[in-house]
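Heads up: the structure comes next, in structure tokens.
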Amino acid sequence: MNVFGVLLSLAGSILFLTALAMTLRANATSTVPFWRNPAATPVGSVAMRSIGAGLLVFGAVMLTAEGWRWPVLIVLVVPGIAFVALALHNRRIAATAGGD
């Protein structure tokens, strides 16, 4: 059960972060808002992000049999990576726009 939970969480993380990377590449010259839709949304990225988040949470729930620390860490770290990636992307766009 633990191995399956880890595999699901890993697959969900990969899908979630790949969908984010697709969105950032599609918006290479514009900022991506944190709480709204971006200017360009690649085909399939919303579905990929949704499936990835579902697998991530389902895998983390399966790991609760061993304790609560790993599931909490998994559920907080992956979205944290996404927030940092968005912030860095938006900062880079703001820096290039301000330098023109």
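Subtracting the Cα-Cα distance of Ala65 and Ala21 from their residue separation scaled by 0.36 nm leaves 12.6 nm.
How large is the dipole of the chain about the Cα centre if only Lys and Arg carry +1 and Asp and Glu carry -1, each at its Cβ, rounded to the nearest 20 debye?
Roughly 140 debye, rounded to the nearest 20.
Surface composition of the range 1-62: carbon and sulfur make up 75 percent of the accessible area, probe 1.4 Å. Between Asn27, Asn90, Asn37, the residue with the greatest mean-square fluctuation in the GNM of the chain (Cα pairs under 10 Å linked by springs) is Asn37. The calculated 222 nm mean residue ellipticity attributable to helices in the chain amounts to -26000 deg cm²/dmol, summing -39500 (n - 2.57) over DSSP H runs of n ≥ 4 and dividing by all residues. Once the Cα-Cα distance is subtracted from the 0.36 nm per residue extended length, the Phe58 to Val84 segment shows a gain of 7.0 nm. Rg/Rh for the range 25-80 (Cα atoms only, Rh after Kirkwood) is 1.11. Using every pair of distinct Cα positions in the chain, the Kirkwood expression returns a hydrodynamic radius of 14.4 angstrom.
With a Förster radius of 22 Å, plug the Cβ-Cβ distance of Phe34 and Leu76 into 1/(1 + (r/R0)^6) and report the FRET value to the nearest 0.05. For Phe34 and Leu76, the calculated efficiency is 0.85.
Calculated accessible area for the range 1-68 comes out at 62 Å² per residue, all protein chains present (probe 1.4 Å; ligands, DNA, RNA ignored).
The values are calculated or read from the model by the stated rules, or taken from the named source; none is laboratory data. Computed from a predicted structure; not experimentally measured. Backbone-built Cβ (ideal geometry, glycine too); neighbour counts: all protein chains shown. The accessibility values were calculated without ligands, DNA or RNA, using every heavy atom of the protein model including side chains. Shrake-Rupley method; radii C 1.70, N 1.55, O 1.52, S 1.80 Å.
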